[in-house]
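Since the structure comes first, as structure tokens, the remarks are kept for the end.
The values are calculated or read from the model by the stated rules, or taken from the named source; none is laboratory data. Keep in mind that what you see is a predicted model, and the values were worked out from it rather than measured. Neighbour counts are summed over all protein chains in view; Cβ atoms, including those assigned to glycine, are modelled from backbone coordinates with ideal geometry.
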Amino acid sequence: MKVLSLYLLNKSGGLIYQRDFNPESNGINKLSSNDYLITAGTLHSIHAIVAGLTPPVLYPIQENQTGNQNQTGLFQVETEKFNLFIYQTLTGLKIISIVQKGVSQETATRFMANVHSIYSDYVMKNPFYTLDMPIKCQLFSNKVLLLSEAS
Amino acid sequence: MIYSFWIFDRHCNCIYNRDFAQHKPASKDTVNRNNDKDEAKLLFGAIFSMSRLSSKLSDGNVLQSFRTGKYKAHLKETATGLRFILISDSNVGDLSGLLNQLYSDLYLNTIVKNGLSPVDFKEGMVIKNMSFINGADELITQNGDFI
């Protein structure tokens, strides 16, 4: 499988990590840093909006729409050139990956779950990291790169 | 299972909406009922932002569908700026064939080539043409993914 880009969003929709893999050949445009923040914020809000658009027949009346959005929130965006997958962890961290067409949902989910475990190991256990701030841990970047090449 | 069908024109207005979820298609009382509701605006807004995002990330890229844990929305945008949207179960495959049929076989013949229907829909106008409504119902309910 080929991962084109990876985004990590904190629980309030702020971009804390962004990386393009093979930026010269993967077909994903290089954006300005401001545009990356807009992209992250847009995805964060769309994630919540589309959860509220669930057809009424699909949820019981008592279950309100502000509940657990890991089940009802945006999960996949399919476009002509790539697929985008969103994986929200229990703590509200969103892991977003842009992958080539044809990559299965299972493969993408496994990749993002692995990113989550790398995040727990090399970001959360880093005593110098402040919660919800941009990730500037070299070890994390190295491991993510290795993971993207391996998967 | 297909839950609903929406058409938005190039002025972002919902010109057609049909709900299949609660009523069987035989009853016509779910035609154009949600055009001005918040649901329509949110759906359009979400689709619009996602299209913008996909074309920003890669040149000439087109949004095809999006999926949540519960449902999936399929999109076709025409060159004239119309957006056709079908909402279905999340495990339904590609519905672009049906969307193409709805546009090129039905919409073109019953709306565009119809001298009595407006060239450009004004605010608040909706599609009331019975041959379009019946034709759309027929195409959608005969699709293999409609249960």
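Summed over segment B:73-123, residues that are among the small types (Gly, Ala, Ser) and out of contact with any strand residue (DSSP E or B) (no Cβ under 7 Å at 6 or more places or on another chain) total 7. Restricting A:54, A:42 to residues that are buried (at least 16 other Cβ atoms within 10 Å of the Cβ), modelled with pLDDT under 90 and either facing chain B (nearest Cβ under 8 Å) or not in a loop (DSSP other than H, G, I, E, B) (or both) narrows the list to A:54. From the list B:78, B:141, the one residue that fits, being more than 14 Å from chain A (Cβ to nearest Cβ) and touching a residue at least 40 places away in the same chain (Cβ under 8 Å), is B:141.
Scanning segment A:95-125 for residues that are surrounded by 14 or more Cβ atoms within 10 Å (Cβ to Cβ) and either within 14 Å of chain B (Cβ to nearest Cβ) or over 13 Å from the mean Cα position of the chain (by Cα) (or both) yields a total of 12. Restricted to segment B:81-92, and to residues there that are facing another protein chain (nearest Cβ under 9 Å) and closer than 16 Å to residue B:46 by Cβ, the residue that is surrounded by the most Cβ atoms within 10 Å (Cβ to Cβ) is B:87. Restricting attention to segment A:134-148, the residues being part of a loop (DSSP other than H, G, I, E, B) and over 16 Å from the mean Cα position of the chain (by Cα) number 2.
Screening the candidates A:72, A:79 for the property of being at the interface with chain B (Cβ under 10 Å from one of its Cβ atoms), under 26 Å from residue B:2 (Cα atoms) and either surrounded by fewer than 16 Cβ atoms within 10 Å (Cβ to Cβ) or at pLDDT 90 or above (or both) yields one hit, A:79. For segment B:5-27, indicate whether the set of residues that are among the aromatic types (Phe, Trp, Tyr), part of a loop (DSSP other than H, G, I, E, B) and either surrounded by 15 or more Cβ atoms within 10 Å (Cβ to Cβ) or facing chain A (nearest Cβ under 9 Å) (or both) is non-empty. Yes: one or more hits. The residue that is nearest to the chain's Cα centre (by Cα), among those in segment B:33-50 that are more than 8 Å from chain A (Cβ to nearest Cβ) and surrounded by fewer than 18 Cβ atoms within 10 Å (Cβ to Cβ), is B:44. In segment B:46-69 there is at least one residue that is at pLDDT below 90, touching a Ser or Thr at 6+ places or on another chain (Cβ under 6 Å) and part of a loop (DSSP other than H, G, I, E, B).
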